[in-house]
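Trainee: I am attaching a structure below and will ask some questions about it afterwards.
No lab work stands behind these numbers, since they all come straight from the coordinates. Note that the coordinates shown come from a computational prediction; the quantities given were computed from them, not determined experimentally. Counting neighbours? That spans all protein chains shown, and the Cβs are built from the backbone with ideal geometry, glycine included.
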Amino acid sequence: MGSEEIKIPEELLEELDKIAKEASKSKSFHIKRAIKAYLEEYYYLKIALARLKDKNDRLITDEELRKALGL
């Protein structure tokens, strides 16, 4: 596993400390999960933007989606 040095603003570190104590997990655990969540969101956004630009990828309305999901 690699390592990277980063600077984190004090207010974020304070929040991270609180969360780590409340959850009984290390700060490292929460930082890794936050980075993973960010990367997943980033890649989902890339896919969504690519689909939006694809003229052959049909967009559907909210109503069509609800009907397809049986809602």
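Trainee: Given a 10 angstrom Cα cut-off, can you work out which residue in L16, L59, L39 is the most mobile in a GNM of the chain?
Mentor: Looking only at L16, L59, L39, the biggest GNM fluctuation is shown by L59.
Trainee: Obtain the nm distance between the two label points defined at R66 and E11 by a simple spin-label model: each point lies 7 Å from its Cα along the Cα-to-C-beta direction.
Mentor: The answer from the label model is 3.9 nm.
Trainee: log₁₀ I(q)/I(0) of segment 10-69 at q = 0.14 Å⁻¹, via Debye over equal Cα point scatterers, no solvent, to two decimals?
Mentor: Summing over Cα pairs of segment 10-69 leads to -0.64.
Trainee: I've got another one for you. Helix 10-23 versus the longest principal axis of the chain: what is the Cα-based angle in degrees, 0 to 90, to the nearest 10?
Mentor: 90 degrees
Trainee: If you don't mind, another one. Give the range of the longest stretch in the chain that excludes all GluC sites (Glu not before Pro) found in loop regions by DSSP and having at most 14 other beta-carbon atoms within 10 Å.
Mentor: With GluC sites (Glu not before Pro) excluded where exposed in loops, the chain gives 6-71 as its longest stretch.
Trainee: Would you work out the charge dipole size for the chain about its Cα centre, treating the Cβ of every Lys and Arg as +1 and the Cβ of every Asp and Glu as -1, and quote it to the nearest 20 debye?
Mentor: 380 debye
Trainee: Working from Cα positions, state the angle (0 to 90°, nearest 10) between the long axis of helix 27-53 and the longest principal axis of the chain.
Mentor: 20 degrees
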